[in-house]
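Novice: Provided herewith is a single structure, encoded as structure tokens, for subsequent inquiry.
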Amino acid sequence: MQILPPGVLRLSDADPLTKAIAPPLNETPSERDARLIAERDAKIRSDAIDEELNRQRVAERKSPNPVKVLLLGKFSLQVLYTL
């Protein structure tokens, strides 16, 4: 084990996310295969969501901007107009 000067951390010590997503030390080959398949499926799902969000963003840019109307004047409390 390498001894580091005080105040110097290894990347794995400094980043808790690295520890959280790291595979277990005692992982069997079949568990590794299952984990890799699950990670691949999650990546495919994530990419599909990103693609759909991009499509929606492009569609919103292409659609006409809504017209906003401000009605001024007196109105009765009994009559409410909705546009």
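Novice: Just for helices (runs of 4 or more DSSP H) wholly inside the chain: which have at least 1 residues that are at pLDDT 75 or above?
Specialist: Counting at least 1 such residues, we get 16-21, 29-62.
Novice: When you look at LEU36, is it exposed (fewer than 10 other Cβ atoms within 10 Å of the Cβ) and not charged (D, E, K, R), yes or no?
Specialist: Here the answer is no, as LEU36 does not meet what is asked.
The values are calculated or read from the model by the stated rules, or taken from the named source; none is laboratory data. None of these values were measured; they are calculated from a predicted model. Cβ: placed from backbone, ideal geometry, glycine included. Neighbour counts: every protein chain shown.
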